[in-house]
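Some notes on the structure that comes next.
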Amino acid sequence: KTSSEEHKSFVTDFHRKLYDEGLVYEKSSPQAYCDNCRQFLPDRFVKGVCPNCGKNARGDQCEACGSVLEPENLLNAECSICGTPPEFRPSNHLFLAVTKLENQLESYIESHKSWRKNAYELSKRYISEGLHDRSLTRDLDWGIDVPKDGFEDKKIYIWAENVLGYLSVCNTLCQKHGFDFTEFWNSSRQYYVHGKDNIPFHTIILPSLLLSRTDTSLKLPDEIISSEHLTLLGKKISTSGNWAVWVKDILDRYNPDSIRYFLISNGPQKRDTDFTWREFINSHNGELLGAYGNFVNRSLVFIQKYFDGEVPEPSNTPNILKSLSTLYEDVGNLIQQGSFKEALDTVFKFVRDANKYFDEEQPWITVQTNSERCKETLYTCVQIIANLSQLLNPFLPFSSEKVRKIFKIEQASWKYIEIPHGFHLQPLDILFERIEFVF
């Protein structure tokens, strides 16, 4: 947590060294003060109208257009605590010369065109519109003390502190396990997962802090996994306005894999999407139950009925099994890229192909007319199911574990496995049950 002593110590040391780098300077700037609340206000405690798009915004950022703001930029500014218009008092603060890093930041962003579209394009927009130097300090009663003489009454601004939590927790873990922090940080592949309103803090602000420390060389973020917005029945989700689906409530009622499947396959990966109960239930009944659960159930029940629960011995190995090895590679690459929806869709296309294979092979007929072909079909289905339990494990861990128990697979791995003929299946537990729409 950013409230931990390890984090506070790391941030204090980072800023102390940052101030010696030549990119930090002092300047007087207006700070929002509420005379009614008798306190200086954090930027997010000032609300008003964005000067760029005219929508409601907070003093640190406009969620509507993505602009990074200062409270004094807002139109019709007021204290979000009491509604009183704040006064802006001059105060001396430390600033980071982000403008001097513009060329480095632009090169960094241009070298990551593989980021999600919103991250790349919004970051480019910040560069093209012109960067601004950012205040490192604030007049607040809470936060981490500024480690510089003459600034004892000020705190480190939260934007220049919270993003360093990625480094501080990594440093803490490295100390615990005896790793060199810099070596570990620079050799790791890093994924930063957040909503699109947090893009500038990960692609501009965090890199600015890291680039400013010339006394050490720390790599910049690799993968930016920035989602669009998820709305609820067409309206923006608001926990304060009680317009939300609460985690405890939905977990009490529904299979966690159903929730995971819907949010990944219908999530706002590339565009804003909407959560509705009807779509959630249709997703469960149509895909999880109708495609995946149905394939597992029909295949294994057939083996229980006609082969006494033992995996039959095939005379040939069908071509469909060869494509499973390729599937691991394709899905793995998509996951590494942060393309979770495409990865899940790829697996479920294979699930639908597997159902088609079962239907075309017609084992309910061949069990009477062509036993060798029937054995081959069911042996193939077993291999597909066993491997699906591994391919779907990152997305549907609970149902995948149920399937692995049927085959006594102790732990999922990312490679093709084969269940030997003659293996006796463990009892089958229903993966998914139909959800009735009763709203």
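The values are calculated or read from the model by the stated rules, or taken from the named source; none is laboratory data. Note that the coordinates shown come from a computational prediction; the quantities given were computed from them, not determined experimentally. Cβ sites come from the backbone with ideal geometry, for glycine too, and all protein chains shown count toward neighbours. Side chains are part of the model used for accessible areas, which takes the heavy atoms of the whole protein and leaves out ligands, DNA and RNA. Shrake-Rupley method; radii C 1.70, N 1.55, O 1.52, S 1.80 Å.
The table that follows gives values for the structure above.
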read-out	value
Residues of segment 250-268 satisfying the condition of being surrounded by 17 or more Cβ atoms within 10 Å (Cβ to Cβ), in a helix (DSSP H, G or I) and not hydrophobic (A, V, I, L, M, F, W, C)	ASP257, SER258, ARG260, TYR261, SER265
Unique residue being modelled with pLDDT under 95 and either under 21 Å from GLY293 (Cα atoms) or not aromatic (Phe, Trp, Tyr) (or both) when the list is LYS349, LYS322	LYS322
Qualifying residue in segment 241-260 (condition: touching a residue at least 24 places away in the same chain (Cβ under 8 Å) and in contact with a Ser or Thr (Cβ under 7 Å, 6 or more places away or on another chain))	yes
Residue match in segment 269-285 (condition: in contact with a Phe, Trp or Tyr (Cβ under 7 Å, 6 or more places away or on another chain), open to solvent by less than 70 Å² (accessible area, probe 1.4 Å) and acidic (Asp, Glu))	no
Residue satisfying all of: in segment 411-432; surrounded by 13 or more Cβ atoms within 10 Å (Cβ to Cβ) and within 32 Å of the chain's Cα centre (by Cα); farthest from GLU313 (Cα to Cα) among these	PHE432
Number of the condition not met by LYS408 [criteria: (1) open to solvent by 50 Å² or more (accessible area, probe 1.4 Å); (2) assigned to a loop (DSSP other than H, G, I, E, B); (3) touching a helix residue (DSSP H, G or I) at 6+ places or on another chain (Cβ under 8 Å)]	(3)
Residues of segment 377-389 satisfying the condition of being open to solvent by less than 10 Å² (accessible area, probe 1.4 Å) and in contact (Cβ under 8 Å) with a residue 60 or more places away in the chain	LEU378, THR380, CYS381, VAL382, GLN383, ILE384, ILE385, ASN387, LEU388
Pairs, first touching a residue at least 24 places away in the same chain (Cβ under 8 Å) and among the polar types (S, T, N, Q) in segment 281-301, second outside any helix (DSSP H, G or I) and open to solvent by 10 Å² or more (accessible area, probe 1.4 Å), C-beta under 8 Å, six or more apart	SER283/ASN266; ASN285/ARG434; ASN285/ILE435; ASN297/LEU428; ASN297/ILE430; ASN297/LEU431
Some residue of segment 74-83 being in contact with a Phe, Trp or Tyr (Cβ under 6 Å, 6 or more places away or on another chain), in a loop (DSSP other than H, G, I, E, B) and of a type in the set (Gly, Ala, Ser)	yes
Residue ID - modelled with the highest pLDDT, chosen from residues in segment 168-201 that are under 18 Å from the mean Cα position of the chain (by Cα) and open to solvent by less than 10 Å² (accessible area, probe 1.4 Å)	TYR192
Residue that is farthest from ASP133 (Cα to Cα) [pool: residues in segment 52-62 that are open to solvent by 70 Å² or more (accessible area, probe 1.4 Å) and not in a strand (DSSP E or B)]	LYS55
Top-ranked residue of segment 104-119 - restricted to ones that are of a type in the set (A, V, I, L, M, F, W, C) and part of a helix (DSSP H, G or I), ranked as farthest from ASP272 (Cα to Cα)	LEU105
